[in-house]
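*Asks:* I am attaching a structure below and will ask some questions about it afterwards.
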Amino acid sequence: MITRKPRAIGYAMAAILLAAGLALGGCSKAGEVYNDAPIAAKDDTSAEVYSMPDGFSNVASKCDRHGHRIFVAYHGDSPYGSIAVIDDPACTK
């Protein structure tokens, strides 16, 4: 006759090991170095900001030093935005 007690203990041990593995796996991300692409140059110069009337998106634009103008539209602290890149002769290379 097979008793249920050893099977229950086995399931409990498996659950504990699984939970411990998930907990340790989640913590390992904290020590990882970000796998971002290398940065050759960074442009922190200011952008032109266009403020629209209330209820409309705000837009910022700036040149990228390669003959393009980048437009970014956003609305307050919302988690979304839009980006557009166009050729602009006013943006010197």
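FYI, it's all coordinate maths here, none of it is from the lab. This is a predicted model, so every value here is computed, not measured. Cβ sites come from the backbone with ideal geometry, for glycine too, and all protein chains shown count toward neighbours.
*Asks:* Could you please rank Ser57, Ser46, Ser82, placing first whichever residue has the fewest other Cβ atoms within 10 Å of its Cβ?
*Replies:* Ser46, Ser82, Ser57
*Asks:* Right, something else. Could you compute the FRET efficiency for Ile86 and Asp44, with r as their C-beta to C-beta distance and R0 at 22 Å, rounded to 0.05?
*Replies:* 0.50
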